[in-house]
Amino acid sequence: MADPKPIVDHLFTADPSAHVFNGKLYVYPSHDRETDIQDNDNGDQYDMTDYHVFSMDSVGGPVTDHGIALKADSVPWVDKQMWAPDAAEKNGKYYLYYPARDKEGIFRIGVAVGDKPEGPFEPDPEPIQGSYSIDPATFVDDDGKAYLYFGGIWGGQLQCWRTGKFVREAYETMEASGDEPALLPRVAKLTDDMRSIDGEVREVVINDSDGKLIHASNHDRRFFEAAWLHKYKGKYYFSYSTGDTHYLVYAIGESPLGPFTYAGRILEPVQGWTTHHSIVEFKGKWYLFYHDTSLSGKNHLRSVKMRELVYDADDKLKLAESQS
Ligand code: FUB
């Protein structure tokens, strides 16, 4: 299968979250920038300061860069590292969710509100209370209920939240170990105004095919970061990155809150350390948005790509053999 070209090459972009709003395909990526920071397991090299939003009317057609939608300087609580964002629409308003380190170096998740899908977005002055770690992903179900998924281990600090409170010293453990269950991503309902967590933050249970929680030692399947949720034929597909083994994988469940059962791989490792994606239906076809480092050769300068996805007879996901 031929390697697709990045959807844009005038900026380095990563972590694409794709949505269809008003018949157009919108992409909310991280905006990677050049820095002198050496690569490390903390992810310090991903030192982003703003977000751009892209849109396209058709796949393969021109991609519009709508310019800066939000920048770190406009958000009072943000110190640095605006990582993978996502967006949602409800009642004609658009919400941008984004993680960043606060002034104490703790990753939190913020929300900013706009009147148009491309922004600009006005940030709430404080992060979402009860949010933590990285990689927010939203899902609005057919009944209008909205969910926020988040979490990432290692540099994403999820290991610091095992007790429900931030324990800085726990950072060094990076993750659970051996036969322990792997650390699990988080999900919470969003309030009607989409700006707060409604009720408790829960773990997203991801079972292996044997019905038991995936072990921490199973690096080919355990959750690392980059949660995404989509719905197909009434079932909920929870997909994520396995991090240090560089796969995009997915699990299927009957409810947006889980539990989910591991179902397979979506994408083999791409060029570059990180892999992060979204899945969206547009004009009757399904697409995987992801990134790699094919343009730069540097882990922190990534480029967003897209490929068509199909479902097989058992509703399992796979890359389309011929790409439209
Ligand atoms: O872009 C910074 C981080 O790299 C993201 O938050 C992770 O998902 C990984 O792609």
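What follows is calculated from the coordinates using simple rules that are stated; it is not laboratory data. What you see is a predicted model; the values in this text were computed from it and never measured. A quick note on method: Cβ atoms are made from the backbone with ideal geometry, for glycine too, and the neighbour counts reach across all protein chains shown.
Need a quick list: strands (runs of 3 or more DSSP E) entirely within region 167-262 having at least 3 residues that are within 16 Å of the ligand (Cβ to nearest atom). Break it down stepwise before answering.
Numbers: elements: 186-190, 197-203, 225-232, 235-241, 248-253.
Of the strands (runs of 3 or more DSSP E) lying wholly inside region 167-262, those with at least 3 residues that are within 16 Å of the ligand (Cβ to nearest atom) span 225-232, 235-241, 248-253.
Among the listed residues Glu308, Glu321, Glu281, identify the single one that is of a type outside the set (Gly, Ala, Ser), assigned to a loop (DSSP other than H, G, I, E, B) and touching a strand residue (DSSP E or B) at 6+ places or on another chain (Cβ under 9 Å).
Numbers: Glu308 fails: assigned to a loop (DSSP other than H, G, I, E, B); Glu281 fails: assigned to a loop (DSSP other than H, G, I, E, B).
Unique residue meeting the criteria: Glu321.
Residue check, Gln271 against (1) more than 13 Å from the ligand (Cβ to nearest atom); (2) crowded, with 20+ Cβ neighbours inside 10 Å; (3) assigned to a loop (DSSP other than H, G, I, E, B), all met but one. Which one?
Only one criterion in (1) more than 13 Å from the ligand (Cβ to nearest atom); (2) crowded, with 20+ Cβ neighbours inside 10 Å; (3) assigned to a loop (DSSP other than H, G, I, E, B) is unmet by Gln271, namely (2).
Does Pro16 meet the test of being under 22 Å from Asn299 (Cα atoms) and either within 18 Å of the chain's Cα centre (by Cα) or free of Cβ contacts under 8 Å to residues at least 40 places away in the same chain (or both)?
Values: under 22 Å from Asn299 (Cα atoms): yes; either within 18 Å of the chain's Cα centre (by Cα) or free of Cβ contacts under 8 Å to residues at least 40 places away in the same chain (or both): yes.
Here the answer is yes, as Pro16 does meet what is asked.
Name, by its number, the condition in (1) out of contact with any helix residue (DSSP H, G or I) (no Cβ under 6 Å at 6 or more places or on another chain); (2) crowded, with 22+ Cβ neighbours inside 10 Å; (3) aromatic (Phe, Trp, Tyr) that does not hold for Tyr262.
With respect to (1) out of contact with any helix residue (DSSP H, G or I) (no Cβ under 6 Å at 6 or more places or on another chain); (2) crowded, with 22+ Cβ neighbours inside 10 Å; (3) aromatic (Phe, Trp, Tyr), Tyr262 is out only on (2).
How many residues, within region 65-88, are within 14 Å of the ligand (Cβ to nearest atom), more than 22 Å from Ala146 (Cα to Cα) and buried (at least 23 other Cβ atoms within 10 Å of the Cβ)?
Going through region 65-88 one residue at a time, the tally reaches 1.
Could you tell me which of the residues Gly130, Gly156, Gly119 is within 17 Å of Glu225 (Cβ to Cβ), small (Gly, Ala, Ser) and in contact with a strand residue (DSSP E or B) (Cβ under 6 Å, 6 or more places away or on another chain)? Walk me through how you get there before you give the answer.
Values: Gly130 fails: within 17 Å of Glu225 (Cβ to Cβ); Gly119 fails: within 17 Å of Glu225 (Cβ to Cβ).
Going through Gly130, Gly156, Gly119 in turn, the sole match is Gly156.
Consider only pairs whose beta carbons are under 9 Å apart and that are at least six residues apart or on different chains; among these, list those whose first residue lies in region 127-140 and is among the polar types (S, T, N, Q) and whose second residue is away from the ligand (no atom under 14 Å from the Cβ) and part of a loop (DSSP other than H, G, I, E, B).
Pairs found: Gln129/Ser196; Thr138/Met194.
Looking at (1) under 25 Å from Met82 (Cβ atoms); (2) loosely packed, with under 13 Cβ neighbours inside 10 Å, which is the one condition that is false for Gly144?
(1)
Go through (1) within 18 Å of Glu180 (Cβ to Cβ); (2) without any contact (Cβ under 8 Å) to a residue 60 or more places away in the chain and name the single condition Phe224 misses.
Status for Phe224: all satisfied but (2).
Among the residues of region 274-300, write down those that are closer than 20 Å to Tyr250 by Cβ, hydroxyl-bearing (Ser, Thr, Tyr) and within 15 Å of the ligand (Cβ to nearest atom).
The first filter runs over region 274-300 and keeps only residues closer than 20 Å to Tyr250 by Cβ, leaving 274-282, 285-292.
Retained after the next criterion (residues that are hydroxyl-bearing (Ser, Thr, Tyr)): 274-275, 278, 287, 290.
Selection gives Thr274, Thr275, Ser278, Tyr290.
What's the total number of residues in region 171-196 that are within 18 Å of the chain's Cα centre (by Cα), among the hydrophobic types (A, V, I, L, M, F, W, C) and closer than 18 Å to Ile106 by Cβ?
Matching residues across region 171-196 total 2.
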